Each structure stands twice: as structure tokens, then as C-alpha cells.
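The values are calculated or read from the model by the stated rules, or taken from the named source; none is laboratory data. On a predicted model such as this, the values are computed, not experimentally measured, just so you know. Note: ideal-geometry Cβ built from the backbone for every residue, glycine included; neighbour counts use all protein chains shown. Just the protein is used for accessible areas: all its heavy atoms, side chains included, with ligands, DNA and RNA removed. Shrake-Rupley method; radii C 1.70, N 1.55, O 1.52, S 1.80 Å.
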Amino acid sequence: MYELFENLGAWLVSGEQWSGSDGIAHRLTEHLQYSLLATLIAAAIGLPLGLLIGHTGKGAFVAINLASFGRALPTVGLVVLVFLAGGLSMLPVYVALVALAVPAIVTNTYAGMTAVAPEVKDAARGQGMRGHQVLLQVELPLALPLIMTGLRLALIQVVATATIAAYVSFGGLGRYVFDGLAQRDLVQVLGGAVLVAAVAVVLDLALSGLQRFLFRHRTA
């Protein structure tokens with residue numbers, strides 16, 4: 001066991017392992033690219049939906065149940081299904097990652113909107129604000145902490161799952177996991193897993209710190 005971890009450490013710090021098209025730096029860039037793009041697409045879908053149902057109060061039951069359905073989707077199974085329908089491309093990967101990220105964004109956006117006190121919204125309307133003004137100037141600013149939490153959770157889930165890109169012969173840190181399994185190279189498998197976990201933890205800590213900084217003046 002000690003030898004395994006010693007080999008893992010040597011693998012992670014090796015200069016050769018960090019350079020080239022199969023190096024850690026390149027694979028990390030690919031992994032972040034997949035993750036960020038999928039999260040942005042999910043945000044473009046989930047944020048308007050969450051804001052709409054939170055503001056109007058209509059469609060909440062359907063949206064929340066769709067979100068639960070999205071969480072229960074088997075990611076690899078979805079990749080295979082879209083792959084069989086659309087062929088070899090990054091489309092199956094992005095479809096699966098977006099489907100994974102949307103539920104967290106929708107539910108947290110909806111929760112943030114519904115957490116705004118009715119008295120606050122009534123006061124805004126009493127001052128002559130129209131529906132869109134109440135949404136943009138009152139509800140949205142107050143809901144931002146929970147909305148950011150949803151975006152953070154979605155990104156971390158996507159980062160941890162983006163290894164599936166290697167399942168359909170693309171890049172990212174999952175390349176080490178799948179190649180290592182194929183080659184029966186346990187060090188490479190563990191190296192890929194450690195890198196994915198490290199990226200997820202670092203991003204979570206960074207985004208949590210940013211969130212605390214941005215909303216440091218708000219009372220709990």
C-alpha cells in the first residue's frame with residue numbers, strides 16, 4: 001500500500017506527466033472547459049425557469065418533480081442513449097452534464113425566490129413597482145445567495161461527473177481513469193480520481209469564499 005501511494009505521488013509530480021497533449025495541464029484544461037460550458041448552458045435553462053416559477057408561483061410542482069427526475073437520471077446511460085442516437089461527438093456528454101446541473105439550479109433559484117417575504121413584495125408593489133420591476137429590483141437581489149449556491153452545487157456536480165467524456169473517447173481528467181482501467185494501471189486510475197476530487201474541492205472552496213465575500217454584509 002505504501003508503495004502504491006509512493007508511486008502515485010511520483011506520478012502526480014512528474015514533469016513529463018504535466019506536459020504534452022496527454023499531460024495533466026492539458027487534460028485539466030479540457031475538463032474545466034467541458035464543466036464550465038455545461039454549467040453555463042444549464043444556467044441559461046435553469047435560471048429563467050426557476051425565476052419564472054418563483055415569481056409567478058405557477059408550475060412549481062411540475063418543475064420540482066422534473067428536477068427530481070433529472071437527479072435520478074443515470075448519467076452514463078444517458079450518454080450512451082444520446083451517443084447511439086447522434087453518433088460520436090461531445091453532444092452526449094453535454095446533454096448528460098446539463099441534465100445533471102439543471103435540477104440544482106432550478107430548485108435553488110426557486111427556493112431563493114420563495115424565501116423572499118411576501119410583505120417585502122407587497123411593499124414594492126405598493127410603491128408602484130410593476131411585476132418585472134419587483135422581480136429584478138427586489139426578488140432577484142434577495143434570492144441571489146441561494147441562486148449562487150445552486151450554481152456552485154451544479155458546477156461541482158458537473159466537475160465530478162465530467163469524467164464521462166472519456167467514456168466516449170474524448171479528453172478531460174477522466175482519460176486517466178478509463179485508460180488506467182484499460183491498461184490495469186492502478187496508479188493512473190488513482191491519479192485521475194485524485195485530480196478530479198482536488199479540482200472539485202478547490203472550486204467548492206473558492207466559490208464558497210467568493211459567496212461569503214459578496215454577501216458578507218447580509219444578516220442570516
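Surface composition of the chain: carbon plus sulfur atoms hold 68% of the accessible area, using a 1.4 angstrom probe and ignoring ligands, DNA and RNA.
Considering helices alone, the calculated mean residue ellipticity of the chain at 222 nm is -26000 deg cm²/dmol, with DSSP H runs of length four and up weighted by -39500 (n - 2.57) and normalised per residue.
Highest GNM mean-square fluctuation among 189, 98, 138, for the chain modelled with Cα contacts below 10 Å: 138. Please report the base-10 log of the normalised intensity I(q)/I(0) for segment 105-186, using a Debye sum with one equal scatterer per alpha carbon and no solvent, at each q in 0.13, 0.19 (1/Å). After summing over all Cα pairs, the log10 values are -0.57, -0.80.
What ranking of 45, 24, 156 comes out by heavy-atom accessible area, probe 1.4 Å, highest first? Mind dumping the intermediate values first?
Values: 45 90, 24 0, 156 35 Å².
These residues rank, largest area first, as 45, 156, 24.
Judged by the mean number of other Cβ atoms found within 10 Å, the most tightly packed of the peptides 103-110, 5-12, 190-197, 171-178 leads the ranking 103-110, 171-178, 190-197, 5-12. The residues of segment 92-220 present an accessible area of 48 Å² per residue when probed at 1.4 Å with all protein chains retained. So what is Rg over Rh here for the chain, counting just Cα atoms and using Kirkwood for Rh? On the Cα set of the chain, Rg over Rh gives 1.08. Reported to the nearest whole Å, the Cα centre-to-centre distance from segment 87-161 to segment 179-220 is 22.
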